[in-house]
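The values are calculated or read from the model by the stated rules, or taken from the named source; none is laboratory data. Note that the structure is predicted; figures quoted are calculated from it, not measured. A quick note on method: Cβ atoms are made from the backbone with ideal geometry, for glycine too, and the neighbour counts reach across all protein chains shown.
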């Protein structure tokens, strides 16, 4: 195809504009935000989820069970969470599913752990100003406690909060980077955390030089 000399500058200008637009486009904002030394949040158009690992940070080198406190609420339409939707990525890349209630009762005195953890709980409900109702995440219980269920759901006004337990596959937990994952058709949540917890740093840079929420 032949081009007139008049058309060449116009094409060059358009090419520069396209290149500049791509080069200076703002990067997508991460849904993950560090809220404190042992608190992290994931927020997108479907859900807001907050994880506290304060008790786990204090005990991971001493105990084979990890207690993580999770709270979540819908940001739009109702969301459901099944036991099978929850997993933990551990250093090395292995993915651990939630154990069953029977295995938890065999390996852990849940009532005693809950009592010890009560003195180090963080007020994570304060990160959900719009929720007026609260329900427990029913995946685990203690002797004589509430009934265990495998699924929970709620709308915009409902806050779901509870403890999750994971058992170390080798009898102990290694220092490193972990990620709590909530994934189904409506949820794609990753809540990363470190054991032991590091101090939050503003404007920290990742390996690629970009700002990361740590």
Of all residues making up the range 102-113, the number that are closer than 14 Å to residue 148 by Cβ and crowded, with 19+ Cβ neighbours inside 10 Å: 2
Flag if residue 51 is under 21 Å from residue 118 (Cβ atoms), outside any loop (DSSP other than H, G, I, E, B) and out of contact with any helix residue (DSSP H, G or I) (no Cβ under 7 Å at 6 or more places or on another chain): yes
In the range 173-187, the residues that are farther than 20 Å from residue 38 by Cβ and surrounded by 11 or more Cβ atoms within 10 Å (Cβ to Cβ): 183, 184, 186, 187
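Conditions (1) farther than 20 Å from residue 140 by Cβ; (2) at pLDDT 95 or above; (3) over 14 Å from the mean Cα position of the chain (by Cα); (4) assigned to a helix (DSSP H, G or I), marked per residue:
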{"position": "56", "(1), (2), (3), (4)": "no, yes, yes, yes"}
{"position": "66", "(1), (2), (3), (4)": "no, yes, yes, no"}
{"position": "69", "(1), (2), (3), (4)": "no, yes, no, no"}
{"position": "72", "(1), (2), (3), (4)": "no, yes, no, no"}
{"position": "77", "(1), (2), (3), (4)": "yes, no, yes, no"}
{"position": "81", "(1), (2), (3), (4)": "no, yes, no, no"}
{"position": "84", "(1), (2), (3), (4)": "no, yes, yes, yes"}
{"position": "88", "(1), (2), (3), (4)": "no, yes, no, no"}
{"position": "91", "(1), (2), (3), (4)": "yes, yes, yes, no"}
Residue within the range 104-116 that is assigned to a loop (DSSP other than H, G, I, E, B) and without any contact (Cβ under 8 Å) to a residue 60 or more places away in the chain present: yes
Enumeration of residues in the range 130-164 that are assigned to a strand (DSSP E or B), out of contact with any helix residue (DSSP H, G or I) (no Cβ under 8 Å at 6 or more places or on another chain) and either more than 13 Å from residue 69 (Cβ to Cβ) or free of Cβ contacts under 8 Å to residues at least 60 places away in the same chain (or both): 133, 135, 136, 152, 153, 154, 158
Tally, over the range 118-135, of residues that are surrounded by 11 or more Cβ atoms within 10 Å (Cβ to Cβ) and more than 20 Å from the chain's Cα centre (by Cα): 1
Any hit, the range 136-148, residues being surrounded by fewer than 18 Cβ atoms within 10 Å (Cβ to Cβ) and under 23 Å from residue 34 (Cα atoms): no
Count of residues meeting criterion [assigned to a strand (DSSP E or B) and either modelled with pLDDT of 50 or more or surrounded by 12 or more Cβ atoms within 10 Å (Cβ to Cβ) (or both)] in the range 193-214: 6
Options 167, 190; residue that is modelled with pLDDT of 90 or more, under 15 Å from residue 52 (Cα atoms) and either in contact with a helix residue (DSSP H, G or I) (Cβ under 8 Å, 6 or more places away or on another chain) or surrounded by fewer than 18 Cβ atoms within 10 Å (Cβ to Cβ) (or both): 190
